[in-house]
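> Following this message is one structure expressed as structure tokens.
The values are calculated or read from the model by the stated rules, or taken from the named source; none is laboratory data. Since the structure is predicted, the reported quantities are computational estimates derived from the model, not experimental observations. Methodologically, a virtual Cβ is constructed for each residue, glycine included, from the backbone with ideal geometry; neighbour enumeration extends over all protein chains shown.
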Amino acid sequence: MDKTDLRILAQLQTDSSRSHAELADAIHLSSSQVSRRIAKLEQDGIIRQHVALLDEERLGLQVEAFVAVALSSYAPEAVAGFHDRMSALDQVVDCCSTTGDADYLLRVVAQDLRSFSALINQELLGHGDIASVRSSVVLERIKRTTALPLPQPRIREKL
């Protein structure tokens, strides 16, 4: 991956809906070069997919929370069951295994506090495999981005 690939990735992270011709103009390449490079970045798995970012509030999703979960058992079947349940819940938009006091950190979006409470009580605590749940409801989002920090291109030293 070179400096040009990084410029393409930076542009795509800002707005992936632009045509290859528009991207080519922005980074001073031909459309065919941009197309080939994007295809290679996709083939290499650097670009996983193209998605639309939706607005939670306009969709009626008024509650966002982070939920720390500790399991009561680490038996493989209990862990697999928890993973399956979290994967099936649309309200759980991120589920990460973590270090520290909690085993997992979930990011949850819900319509309102009532539906968030139902998720906690029925889908998490209602299965007997959870030792503890701590939740923090987001009051104000200061920053959210989907853009990853891109590596700096390596500068070759002259000998």
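> Could you pull out every one of the strands (runs of 3 or more DSSP E) wholly within segment 78-145 that has 3 or more residues that are within 18 Å of the chain's Cα centre (by Cα) and either surrounded by fewer than 16 Cβ atoms within 10 Å (Cβ to Cβ) or touching a residue at least 12 places away in the same chain (Cβ under 8 Å) (or both)?
Qualifying strands (runs of 3 or more DSSP E): 92-97, 104-110.
> Just the residues that are of a type in the set (Lys, Arg) and either closer than 26 Å to Tyr104 by Cα or in contact with a strand residue (DSSP E or B) (Cβ under 7 Å, 6 or more places away or on another chain) (or both), please, taken from segment 21-76.
Once the filter is applied, which keeps residues that are of a type in the set (Lys, Arg) and either closer than 26 Å to Tyr104 by Cα or in contact with a strand residue (DSSP E or B) (Cβ under 7 Å, 6 or more places away or on another chain) (or both), segment 21-76 yields only Arg48.
> Shifting gears a bit: Which one of Arg107, Arg144, Arg156 is modelled with pLDDT under 95 and under 19 Å from Leu54 (Cα atoms)?
Within the list Arg107, Arg144, Arg156, the selection yields Arg144.
> Check off (1) out of contact with any Asp or Glu (no Cβ under 9 Å at 6 or more places or on another chain); (2) surrounded by 13 or more Cβ atoms within 10 Å (Cβ to Cβ); (3) in contact (Cβ under 8 Å) with a residue 60 or more places away in the chain for Arg36 and give me the number that stays unchecked.
Arg36 satisfies all of (1) out of contact with any Asp or Glu (no Cβ under 9 Å at 6 or more places or on another chain); (2) surrounded by 13 or more Cβ atoms within 10 Å (Cβ to Cβ); (3) in contact (Cβ under 8 Å) with a residue 60 or more places away in the chain except (3).
> Something else about it: Here are Glu22, Glu42, Glu57: which of them is out of contact with any Leu (no Cβ under 8 Å at 6 or more places or on another chain), exposed (fewer than 12 other Cβ atoms within 10 Å of the Cβ) and at negative phi?
Result of the check over Glu22, Glu42, Glu57: Glu57.
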